[in-house]
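Coordinate-derived values only; no laboratory data. All of these numbers come straight from a predicted model, not from anything done at the bench. Backbone-built Cβ (ideal geometry, glycine too); neighbour counts: all protein chains shown.
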Amino acid sequence: MRILLAEDDSSIAEAICASLRHGGHAVDHVASGSLADTALRDHNYDLLVLDLGLPALDGSEVLRRLRSRGAGLPVLVVTARDGLPERIRVLDLGADDYLVKPFVLSEFEARVRALLRRASNRGVPELQLGRLRLDLPGHRAWIENDPLELTAREFGLLEALALRADRVTSRTQLIEALCDWDQELTDNGLDIAIHRLRRKLQGSGTGVRTIRGLGYLLEEDGESSGESA
Ligand code: CA
């Protein structure tokens, strides 16, 4: 998943970035409200982690603008402002969750998992495609009961394809889902990741099909999965 973090306290930002990246997410970090506003207009994110006390543009104004454009991505507000009226105001502006600083990182991570789960999969943390099973928050996958050994990038690729299993996903969409500003994924890098994922999916009954000129489709390949009685 690709996450935007808007936070001007560099030590908090560093801790949050490290935690999210460790969880296999691509993270872009901005330290002002106006940069957050621009990034949200220019890129597709799966989640916004938003501090309220930001320079240039207050976090609540970033949120108000985001929702007024009709953007529905989940927003987790992290702030030192902990008064009840403030919490109510921010939730009413369109935040999905609210965490008061200082917080414990494990609680932050659990709230991120819950928000992403709700947004991407309507509350179901597991995806099943033929004999392939994905635990999205846990970043694990199995063919029947055999665990698949996937790198963070391979899992991200499989997740991006699985969440759009009925539609073609373009190379640009895959690169957007897998990368943040600090980390480049070249065309060649994407080809390598797809090649490795295909090899690991062999025998699962599900494969990555190339749709020439358009992108990729995750689908049952009829190679196995004949479990009829
Ligand atoms: Ca701040």
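Output the antiparallel fraction of DSSP beta bridges having both residues in region 1-129, as a percent to the nearest 5.
Close to 0 percent.
Relative contact order of region 127-220, please, whole-number percent, based on alpha carbon pairs below 8 angstrom and at least 6 residues apart.
32
Return the sequence-ordered ³J(HN,Hα) values of region 86-93 in whole Hz as given by the Karplus equation 6.51 cos²θ - 1.76 cosθ + 1.60 applied to θ = phi - 60°, using x for Gly and Pro.
5, 4, 5, 4, 6, 5, 5, 6
Could you work out which residue, out of Glu144, Glu86, Glu176, moves most in a Gaussian network model of the chain, that is, has the largest mean-square fluctuation with Cα springs under 10 Å?
Glu86
Please give the Cα centre distance for region 133-148 versus region 36-72, rounded to the nearest Å.
Value for the Cα centre distance between the two parts: 33 Å.
List the trypsin sites (Lys or Arg not before Pro) within region 1-80 that DSSP assigns to loop and that have no more than 14 neighbouring Cβ atoms inside 10 Å.
Sparse-neighbourhood loop trypsin sites (Lys or Arg not before Pro): Arg69.
Name the residue farthest towards the positive end of the dipole of region 33-170 from the options Val90, Ser106, Gly156, assuming +1 on Cβ of Lys and Arg, -1 on Cβ of Asp and Glu, about the Cα centre.
Comparing the listed Cα positions along the dipole, Val90 ranks first.
Mind listing the Cα extents of region 1-78 along all three principal axes, in Å, largest one first?
32, 24, 18
What value, in deg cm²/dmol to 500, does the helix sum -39500 (n - 2.57) over DSSP H runs of n ≥ 4 give at 222 nm once divided by the residues of the chain?
Taking each H run of at least 4 residues, the total per residue is -12500 deg cm²/dmol.
Work out Dmax and Rg for the chain from the C-alpha atoms and quote the Rg first, both in angstrom.
18.9, 64
Antiparallel versus total DSSP beta bridges in the chain: what percent is that, nearest 5?
The antiparallel fraction comes to roughly 50 percent.
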